[in-house]
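Novice: The structure's right below; bear with me while I get my questions together.
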Amino acid sequence: MRHARVRAPRVASNALFESLRDELRTFPDEVLAPSDYEQAAQLCNECRRRGVAGSGVDFLICSVAVVRGWQMFTSDADFRAFSKIVPIQLRAF
């Protein structure tokens, strides 16, 4: 069974972190429903059945993207593995 490594994103400096935080705050928060969490659990179970593991947060991101028809912009290899099982739309940087 393949286990995904969980890596926390790193930002080189406090100033860069604050700049990114301020830019991202311009986006509205997405309201999540219980069904988003339920779908995330289903996606997680399906991936694990096929030998691909990931974090609950990763699968919640996948769930929200699938339900809302959003594309995901990521360089995270874990999401490439998920995309072979979960119908997420990936766009690389």
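Novice: Among the candidates Val66, Val86, single out the residue that is in contact with a Pro (Cβ under 9 Å, 6 or more places away or on another chain) and crowded, with 16+ Cβ neighbours inside 10 Å.
Specialist: So the residue among Val66, Val86 that is in contact with a Pro (Cβ under 9 Å, 6 or more places away or on another chain) and crowded, with 16+ Cβ neighbours inside 10 Å is Val66.
Novice: Still on this structure, please answer the following. Quick one: would you say Asp36 is acidic (Asp, Glu), in a loop (DSSP other than H, G, I, E, B) and either modelled with pLDDT of 95 or more or at negative phi (or both)? Give the derivation first.
Specialist: Values: acidic (Asp, Glu): yes; in a loop (DSSP other than H, G, I, E, B): no; either modelled with pLDDT of 95 or more or at negative phi (or both): yes.
Judged against the criteria, Asp36 is not a match.
Novice: Kindly evaluate Leu60 against the criterion of being under 20 Å from Arg91 (Cβ atoms), in contact (Cβ under 8 Å) with a residue 12 or more places away in the chain and not β-branched (Val, Ile, Thr).
Specialist: yes
Novice: Going residue by residue through the stretch 15-27, is there one that turns out to be of a type in the set (Gly, Ala, Ser), at pLDDT 85 or above, over 23 Å from Asp78 (Cα atoms) and exposed (fewer than 10 other Cβ atoms within 10 Å of the Cβ)? Working first, answer last.
Specialist: In the first step, residues of the stretch 15-27 are kept if they are of a type in the set (Gly, Ala, Ser); the result is 15, 19.
Restricting the remaining residues to those that are at pLDDT 85 or above gives 15, 19.
With the extra rule that they be over 23 Å from Asp78 (Cα atoms), the set shrinks to 15, 19.
Next, from what is left, pick out any that are exposed (fewer than 10 other Cβ atoms within 10 Å of the Cβ): 15.
Yes, because at least one residue in the stretch 15-27 is of a type in the set (Gly, Ala, Ser), at pLDDT 85 or above, over 23 Å from Asp78 (Cα atoms) and exposed (fewer than 10 other Cβ atoms within 10 Å of the Cβ).
Novice: Moving to a separate point now. Across the stretch 46-78, what is the total count of residues that are among the hydroxyl-bearing types (Ser, Thr, Tyr) and not in a loop (DSSP other than H, G, I, E, B)?
Specialist: 1
The values are calculated or read from the model by the stated rules, or taken from the named source; none is laboratory data. Everything numeric in this text was worked out from a predicted model, so none of it was measured. As a convention, Cβ positions derive from the backbone with ideal geometry for all residues, glycine included, and neighbour counts pool all protein chains shown.
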